[in-house]
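The values are calculated or read from the model by the stated rules, or taken from the named source; none is laboratory data. Not measured: the values here are computed from a predicted model. Using ideal geometry, Cβ is built from the backbone for each residue, glycine included, and neighbour counts are taken over all protein chains shown.
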Amino acid sequence: MTEEINDTGAATADDSRPEGDGAAVRAPRVNLVTAAPAIADGIERPLDPRSVALGRTIGWIVTASISIGSLFGLAIALVVQSPGLWAVTATALAWAGGSAALGWWLHRWPEIEHRHASYRVDELGIEIRGGVVWRRVVNVPRSRVQHTDVSQGPLARGYGLGTLSIYTAGTDHARVDLPGLDHATALAIRDHLLPREGADAV
């Protein structure tokens, strides 16, 4: 009896020794790789941790845009009004402090928001939790889902993330967005929530 490792890393049994009249007997290969768990397992999961890095990248872009724009406006105002040295110094310090505070806050916020965001998918639908100061829990039954969509912006595509958008019947929460998902996970949830002919009929 010999044992060989196939390309998946699973051990397979191989008995090629002659038995009886000398004929070779080869046992069938057994694949020991287990299937990936289904997406609708009812377990509460956090958003993809890459969403924190994406949020910080967006925060840096916003900080740079606001800082450069405000600096340009302040420079024009100082040239027009020609204030004294003390006014120029105070304005420069205020600009630097405001830019630093904004940059620090937008760097910290995505991590705080990520700690309070989660989702859970089961056979009945999806539950989405979020909010830092004001918490919210949104339950979307599969029977109310009209259609779903997965989108990716240029920055999200670079991080491999996507946003799941769920459109439901009725006026309350007619559209529910769940950003910060791995793109493949978003597609799997989308396929699970899609109405199935006959299966979801009441």
Inset, instruction - May I ask you to verify whether GLY162 is in contact with a helix residue (DSSP H, G or I) (Cβ under 7 Å, 6 or more places away or on another chain) and either under 22 Å from GLY59 (Cβ atoms) or β-branched (Val, Ile, Thr) (or both)? - result: yes
Legend entry - THR57 being over 19 Å from the mean Cα position of the chain (by Cα) and in a helix (DSSP H, G or I): no
Inset, instruction - Answer yes or no: is there a residue in segment 132-140 that is in the same structural domain as ASP177 (by TED's automatic domain parsing), surrounded by 15 or more Cβ atoms within 10 Å (Cβ to Cβ) and within 23 Å of the chain's Cα centre (by Cα). - result: yes
Legend entry - Candidate set from segment 174-190 (those that are touching a helix residue (DSSP H, G or I) at 6+ places or on another chain (Cβ under 9 Å) and surrounded by fewer than 20 Cβ atoms within 10 Å (Cβ to Cβ)); member that is farthest from GLY130 (Cα to Cα): HIS183
Inset, instruction - Among the residues of segment 176-194, count how many are in a strand (DSSP E or B) and at negative phi. - result: 6
Inset, instruction - Name the residue, out of GLY103, GLY160, GLY97, GLY125, that is touching a residue at least 24 places away in the same chain (Cβ under 8 Å), farther than 30 Å from ALA38 by Cα and of a type outside the set (Ser, Thr, Tyr). - result: GLY103
